[in-house]
Amino acid sequence: MEDNKKVLCAANAYEMKYYFNEEFSGIPESIKEELHILCVLFTEEVGGVFTIAFEEDGNVILETNADDDDIYYDEISSGLMVSEVRRKRQELFESLSLYYKVFILKQDITEELEQ
């Protein structure tokens with residue numbers, strides 16, 4: 001992953017592992033659990049590795065990839081599922097973005113909240 005992104009969490013279907021970045025331990029437990037379930041279900045459905053990260057400006061990005069020799073991984077299906085997750089969880093990702101801007105970047109988001 002590029003240096004200008006910070007991984008929030010990820011699931012790996014190959015190693016059957018889930019990772020949560022403790023730098024974001026201030027996120028409420030219920031949100032952490034939701035992220036855990038979301039990542040694990042994604043990799044169970046599609047396979048590969050699924051990552052939720054923050055860009056430098058606080059935008060949330062969803063990424064999925066697979067090993068080159070993974071014949072079961074379908075890039076088209078995974079792309080469609082990323083779009084579906086982003087659409088269904090839009091409010092969650094907007095909240096995470098605000099969290100990042102306030103607690104990590106220390107931005108004043110008063111104007112954003114008034115819009």
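A few remarks follow.
- Scanning region 43-50 for residues that are open to solvent by 60 Å² or more (accessible area, probe 1.4 Å) and aliphatic (A, V, I, L, M) turns up nothing.
- Tally of residues being closer than 22 Å to PHE103 by Cβ and not acidic (Asp, Glu) across region 9-31: 12
- Looking only at region 1-43, residues that are farther than 18 Å from LEU92 by Cβ and of a type in the set (Lys, Arg) come to 2 in all.
- In region 1-33, of all residues being surrounded by 12 or more Cβ atoms within 10 Å (Cβ to Cβ) and small (Gly, Ala, Ser), the one that is modelled with the lowest pLDDT corresponds to ALA13.
- For first residues located in region 77-88 and more than 12 Å from PHE50 (Cα to Cα) and at pLDDT 95 or above, partners that are part of a helix (DSSP H, G or I) and among the aromatic types (Phe, Trp, Tyr) and lie 6+ apart or on another chain with Cβ distances below 7 Å form the pairs ARG86/PHE93.
- Among the numbered conditions (1) open to solvent by less than 30 Å² (accessible area, probe 1.4 Å); (2) closer than 21 Å to PHE103 by Cβ, the only one that HIS36 does not meet is (1).
The values are calculated or read from the model by the stated rules, or taken from the named source; none is laboratory data. What you are looking at is a predicted structure, and each value in this text was computed from that prediction instead of being measured. Glycine also receives a Cβ, built like all others from the backbone with ideal geometry; neighbour counts cover every protein chain displayed. What goes into the accessible areas is simple: the full protein's heavy atoms, side chains included, and nothing from ligands, DNA or RNA. Shrake-Rupley method; radii C 1.70, N 1.55, O 1.52, S 1.80 Å.
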